[in-house]
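> So that we are looking at the same thing, I have put the structure below in structure tokens.
Derivation of every value follows stated rules applied to the coordinates shown; laboratory data play no part. Everything numeric in this text was worked out from a predicted model, so none of it was measured. Counting neighbours? That spans all protein chains shown, and the Cβs are built from the backbone with ideal geometry, glycine included.
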Amino acid sequence: MRNRKRTTERGKTLAHIMLRAAREVKLNNKSIRGAGTDYDIPEKTLRRFLQKVTDEELYGTNELPTTAVGYIKNRQVFSDEQEKQLEEYTLKLSH
């Protein structure tokens, strides 16, 4: 099972596409189902994203949302930057 083949396309919707669909729903009064069909996003996924996304993201000009989209690391104790610093520190101590 070295090269597992992906069986579904779940969790692969890009963040800027999710934000574009959310803007269609909120700003252009498009239905959630209609926007989901147009952007190939499941209805429930778009509903969940609309609950999480802030008004600043919807009405702003940013292309990428700050809200997480797709699968994220759960129970991450350190941020990526902190983890890198910790790694460098332990390597420095070992030499």
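> Given Cα pairs under 8 Å that are at least 6 residues apart, what percent is the relative contact order of region 12-70?
Value for region 12-70: 48 percent.
> While we're looking at this one, here's another question. If you take Cα extents along the principal axes in Å from the coordinates, which of [x] 36, 30, 17; [y] 61, 39, 20; [z] 57, 33, 15 do you get?
[y]
> Please give me the summed charge of the neighbours of Glu57: other residues whose Cβ is under 11 Å from its Cβ, Lys and Arg +1, Asp and Glu -1.
0
> Fewest to most neighbouring Cβ within 10 Å: what's the order for Ser94, Ser31?
Ordered by Cβ neighbours within 10 Å, fewest first: Ser94, Ser31.
> Something else now. Divide by every residue of the chain the summed helix terms, -39500 (n - 2.57) for each DSSP H run of at least 4, and state the resulting mean residue ellipticity at 222 nm, rounded to the nearest 500 deg cm²/dmol.
Dividing the helical sum by the residues of the chain leaves -16000 deg cm²/dmol.
> Are there any GluC sites (Glu not before Pro) in region 17-83 that are in a DSSP loop and have at most 13 other Cβ atoms within 10 Å? List them by number.
Hits after loop and neighbour filter: Glu63.
> Treating only the Cβ of Lys, Arg, Asp and Glu as charged (+1, +1, -1, -1), what charge dipole size does the chain show about its Cα centre? Round to the nearest 20 debye.
Roughly 660 debye for the chain.
> Within the chain, which is the longest segment containing none of the chymotrypsin sites (Phe, Trp or Tyr not before Pro) that sit in a DSSP loop and have at most 16 other Cβ atoms within 10 Å?
That would be 1-70.
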